[in-house]
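J.: Dropping the structure in here first, questions after.
The values are calculated or read from the model by the stated rules, or taken from the named source; none is laboratory data. Bear in mind that the values here come from a model prediction, so they are computed numbers and not experimental data. Reconstructed Cβ throughout: ideal geometry from the backbone, glycine too, with neighbour counts over all protein chains shown.
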Amino acid sequence: MADNNPANTTTVLFVLLGLPSTPQLRCGSFVVFFSIYLMTLGGNLTILIAIVSDAHLHTPMYFFLANLSFLEMCYTTVTLPNILNNIVRQSNLISFQACFCQVYLFTFCATFECILLAIMAYDRYVAICIPLRYRIIMNQERCLQLGSIPWIMGTLNSIIQSLPTSLLRYCGLNKIDRLYCEVQPLLQLSCSDTTLNKMLTTGSALLFGVGFMTFILVTYVFIVSAILRIPSLSGRLKAFSTCSSHITVVIMYYGALIFMYLRPTSSDSWRVDSVISAMYCMAIPVLNPIIYSLRNKDVKRSIGNFLLWKRFTRGY
């Protein structure tokens, strides 16, 4: 792992320092991570099945929720299987190819979620602020067009972030203070000039982080104003309940990002960064199904009907 160049990437290895080193902690970590992975897959797959199986949920709001559930399963699949594999092998090493594959997919998921949360906010804006034109504006064609934007922009941003980073030179001990590979720690490791890379990451953070977060905030200003103008209390509560789950997810996701990137640095900042990055790619995906199922009567009803149908069919 001495001096290397982009043409000889097969010899480059990275060391992920986020995993505990003692056998006892590794065993406990395996149980925790494996449980999180199973709960994330199970919870989000349940949401997907509920939406697909219930015709009443074939609406724009639940179409985007299905995309979010699929994304959360991808988010954890990008990171957790490799973490579990490293624990079993008792090795913190990851190859150059595997690391940058993880960088590409992780950046794709992060970009996808920022855009998707903004699209979901727009959907709620149209539903609450322009209810009479909702079916016309949010028709099937428009939903498919909006749904394609995260895929296209996520792919482009992932290429723009991961490809230039993979062309850098990495020298010495390539230790990453994370559970998985990300762009920022890799830029700190490189012995090349990373000015262009830092400009690209800053531009990405401003567009997909600050830009879309601002869009969501402005959208909810109009939504809250419209809700407050509803004359009846029951009407206001019903309108607010349709976007309360989305608000909760937005606060958790952007709250973690803001805390990670805007807080002052300290001597143990890498430990905090590792915990926060693990939160928004592991904890939030496992909480999303709970948030949407507990706060949404339609989802709870659909899940209940599906479970009753499964129990009924088993009887035969």
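J.: Among the residues of the stretch 189-202, what is the count of those that are closer than 17 Å to VAL103 by Cα and in a helix (DSSP H, G or I)?
T.: Here the count works out to 6.
J.: Kindly check whether there is at least one residue in the stretch 157-172 that is of a type in the set (D, E, K, R), buried (at least 17 other Cβ atoms within 10 Å of the Cβ) and at negative phi.
T.: no
J.: Right, something else. Give the residues of the stretch 193-233 that are of a type in the set (Ser, Thr, Tyr), surrounded by fewer than 18 Cβ atoms within 10 Å (Cβ to Cβ) and either at pLDDT 90 or above or more than 19 Å from ILE130 (Cα to Cα) (or both), sorted by residue number.
T.: THR195, THR202, THR214, SER225
J.: Here's another thing I want to ask about it. Here are the criteria: (1) farther than 17 Å from LEU16 by Cα; (2) aliphatic (A, V, I, L, M); (3) surrounded by 15 or more Cβ atoms within 10 Å (Cβ to Cβ). Tell me which single one ILE94 does not satisfy.
T.: (1)
J.: Sticking with this structure for a sec: Test THR40 against the stated conditions and say whether it is β-branched (Val, Ile, Thr) and under 27 Å from PRO185 (Cβ atoms).
T.: Judged against the criteria, THR40 is a match.
J.: Whether any residue in the stretch 31-39 is modelled with pLDDT of 90 or more and either touching a Phe, Trp or Tyr at 6+ places or on another chain (Cβ under 8 Å) or among the polar types (S, T, N, Q) (or both) is what I want to check.
T.: Yes, the stretch 31-39 contains at least one residue that is modelled with pLDDT of 90 or more and either touching a Phe, Trp or Tyr at 6+ places or on another chain (Cβ under 8 Å) or among the polar types (S, T, N, Q) (or both).
J.: Only one of THR77, THR107, THR59, THR111 is hydroxyl-bearing (Ser, Thr, Tyr), out of contact with any Leu (no Cβ under 6 Å at 6 or more places or on another chain) and over 28 Å from VAL183 (Cβ atoms); which? Talk me through it step by step, then tell me what you get.
T.: Working: THR77 fails: over 28 Å from VAL183 (Cβ atoms); THR107 fails: over 28 Å from VAL183 (Cβ atoms); THR111 fails: over 28 Å from VAL183 (Cβ atoms).
The conditions single out THR59.
J.: Name the single residue that is nearest to PHE63 (Cα to Cα) among those in the stretch 126-182 being among the aromatic types (Phe, Trp, Tyr) and more than 20 Å from the chain's Cα centre (by Cα).
T.: It comes out as TYR134.
J.: Of the conditions (1) within 19 Å of MET39 (Cβ to Cβ); (2) exposed (fewer than 14 other Cβ atoms within 10 Å of the Cβ); (3) at pLDDT 80 or above, LEU294 fails just one. Which one is it?
T.: Result: LEU294 fails condition (3) only.
J.: Okay, next question. How many residues does the stretch 135-159 contain that are β-branched (Val, Ile, Thr), without any contact (Cβ under 8 Å) to a residue 40 or more places away in the chain, under 21 Å from MET73 (Cα atoms) and touching a helix residue (DSSP H, G or I) at 6+ places or on another chain (Cβ under 9 Å)?
T.: Within the stretch 135-159, residues that are β-branched (Val, Ile, Thr), without any contact (Cβ under 8 Å) to a residue 40 or more places away in the chain, under 21 Å from MET73 (Cα atoms) and touching a helix residue (DSSP H, G or I) at 6+ places or on another chain (Cβ under 9 Å) number 1.
Let's see how each residue does on (1) touching a Pro at 6+ places or on another chain (Cβ under 9 Å); (2) over 16 Å from CYS243 (Cα atoms); (3) assigned to a loop (DSSP other than H, G, I, E, B):
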residue: GLU113; (1), (2), (3): yes, yes, no
residue: LEU116; (1), (2), (3): yes, no, no
residue: VAL126; (1), (2), (3): yes, no, no
residue: LEU132; (1), (2), (3): no, yes, no
residue: ILE136; (1), (2), (3): no, yes, no
residue: ARG142; (1), (2), (3): yes, yes, no
residue: LEU146; (1), (2), (3): yes, yes, no
residue: MET153; (1), (2), (3): no, yes, no
residue: ASN157; (1), (2), (3): no, yes, no
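Condition check ((1) among the polar types (S, T, N, Q); (2) in a loop (DSSP other than H, G, I, E, B); (3) out of contact with any helix residue (DSSP H, G or I) (no Cβ under 8 Å at 6 or more places or on another chain); (4) touching a residue at least 12 places away in the same chain (Cβ under 8 Å)) across all residues:
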site: ASN44; (1), (2), (3), (4): yes, no, no, yes
site: ALA50; (1), (2), (3), (4): no, no, no, yes
site: PHE70; (1), (2), (3), (4): no, no, no, yes
site: TYR75; (1), (2), (3), (4): no, no, no, yes
site: VAL78; (1), (2), (3), (4): no, no, no, yes
site: ASN86; (1), (2), (3), (4): yes, no, yes, yes
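J.: Suppose the filter is over 25 Å from MET279 (Cβ atoms) and basic (Lys, Arg); does ARG178 pass it?
T.: Values: over 25 Å from MET279 (Cβ atoms): no; basic (Lys, Arg): yes.
Criteria not met by ARG178.
J.: Oh, and also: Looking at LEU132, is it surrounded by fewer than 20 Cβ atoms within 10 Å (Cβ to Cβ), of a type in the set (A, V, I, L, M, F, W, C) and in contact (Cβ under 8 Å) with a residue 12 or more places away in the chain? Walk me through how you get there before you give the answer.
T.: Values: surrounded by fewer than 20 Cβ atoms within 10 Å (Cβ to Cβ): yes; of a type in the set (A, V, I, L, M, F, W, C): yes; in contact (Cβ under 8 Å) with a residue 12 or more places away in the chain: no.
The answer is no for LEU132.
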